[in-house]
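Where a number appears in this text, it was derived from the coordinates with a stated rule and is not lab data. Please read all numbers here as calculations on a predicted model, not as lab measurements. Glycine also receives a Cβ, built like all others from the backbone with ideal geometry; neighbour counts cover every protein chain displayed.
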Amino acid sequence: MFEVLRRKRFMAALALCAFLTAQGCRRQDARVVEQTPPARVRVGAFMSLSGDTAQYGLSALNGIRMAVEEANAAGGVKGHRVDLVVRDTRSDGFETTVVVDKLAREERVDALLGEVVSSRSLAAARVAQRERVPMLTPSATSPEITAVGDYVFRSCYTDTFQGVALARFAVESLGALRAAILVDRDQAYSVELARLIREDFERRGGKVVAVQEYPDGESDFSVQLAEVGAAQPDVVFIPGYYMEVALLARQARALGISVPLVGGDGWDSPRLAQIGGQAISGGYFTTHFSAADPDPQVQRFVADFRRLYGSAPDSFAATSYDAARIMLAAIERAPTLERAAVRDSLAATKDFPGVTGAVTFNPERNAVKPIVVVRIGDDGRQTVEAHVTPEDVAPPATPTPSPTPRRGRTRRG
């Protein structure tokens, strides 16, 4: 009798243990499922969100976020949600190197978007190439950047194109024959663009009568402007960034220098007119995009951006919006999320319909696309003065040898 009872108790205990074990396993399995994160596409965005070019970086980040939010609302990329991992470069080259290294090695992002200026993009490019992470800069124009390696791309035009477009506009549209150039000696962007402007201006028959340098962050330009005024130029090129450009314009006008001031995309910030006031009116600059462009695609983007952020987009917002869309489209087309596969897909981009123009990457991974010339009015309002395509500034083609003179004419490409 006792033996039967003992056996029944033993069997009941075994059954209870089996039940509890099964329940524990079930709870553990549920816990494991809950802890497994869903698949994600991870994109690193690095730019100056503080420091002296924060205006550019904040605009750029808004453009990128807009593109990512649109992609996620449409179902993500490859069926996965896109996670944007944002890092502040603090407008500093060393900090840029640090944050890009962390994005590549620790965050293990699939791709990189940034930086917004050339000197820091060059620092980032070296890290991206070393770690084999596809990097796309939306607005850094120095030709040196993509020369770093085959994982580095740009979706904006290069300074080579911008310099030629500026020189051509000054000669052909402004009738300038004598030019002065003011250069920020501490910024690779300014130094390189100044060189390219000078070369093409002189090639077109113009003469550079004064070249003056200033240090980054300078606020007193009286010495440089005295030399410029004495040289009596027809035009003054200032291939710098908006803060110094605005101060230079005010001081130039105060000293009686009334000729047109002309610059590049570093001018493109709402703060240029806020700081420069009337002194900047009548100036011209080349850029990637203008919110005043009547193109329907541009105006749809402007309306959507204004609805999200309460203001019109500048060129940094537009180029970054396009860059994010180009990168996400490349990831979607890539057979896998392997970085090499994304790189190859990005390199195959052709005629991408961006708000800054159709984008095709050439073999050097630079965008082939148009440039916009903007005029600043008396009220600070911007109007599109001209569109320039790479074909517009192409040098004459080499004549084709032919036995008959008529077939040996030079043609412009």
Considering only DSSP beta bridges with both partners in the chain, what is the antiparallel share in %, to the nearest 5? 35
Around GLU106: net Lys/Arg minus Asp/Glu count, Cβ-Cβ under 13 Å: +2
As straight-line cross-link partners of LYS350, the qualifying aspartates and glutamates (C-alpha separation under 19 Å, not fewer than 8 residues apart within one chain) are ASP150, ASP322, GLU332, GLU364, GLU391
In whole percent, what relative contact order does the chain give with Cα contacts below 8 Å and a gap of six or more residues? 15
Quick one: 3J(HN,Hα) in Hz for segment 147-157, Karplus 6.51/-1.76/1.60 with θ = phi - 60°, rounded, Gly and Pro as x. 5, 4, x, 7, 9, 10, 10, 9, 9, 10, 6
Once a ≥ b ≥ c are taken as the square roots of the eigenvalues of the Cα gyration tensor of segment 160-287, is the result rounded (a/c under 1.5), prolate (a/b larger than b/c) or oblate (a/b not larger than b/c)? rounded
Hey, could you pull the Cα Rg and Dmax for segment 37-123, both in Å? 13.2, 39
5 Å is the cut-off here: which amide hydrogens, built 1.01 Å from N in the peptide plane, fall below it relative to GLU213, excluding neighbours closer than 5 in sequence? VAL183
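What percent does the relative contact order of segment 160-287 come to when contacts are Cα pairs within less than 8 Å and at least six residues apart?
Across segment 160-287, relative contact order equals 26 percent.
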Tell me, what ³J(HN,Hα) does each residue in segment 130-146 have, in order and in whole Hz, if you take phi through Karplus 6.51 cos²θ - 1.76 cosθ + 1.60 with θ = phi - 60° and put x for Gly and Pro? 4, 8, 6, 10, x, 10, 10, 8, x, 8, 7, 9, 5, x, 5, 5, 6
If you take the alpha carbon radius of gyration of the chain and divide it by 2.2 N^0.38 Å, what ratio comes out, to two decimals? 1.29
If you filter segment 31-110 for trypsin sites (Lys or Arg not before Pro), then keep DSSP loop positions with at most 13 other Cβ within 10 Å, what is left? ARG108
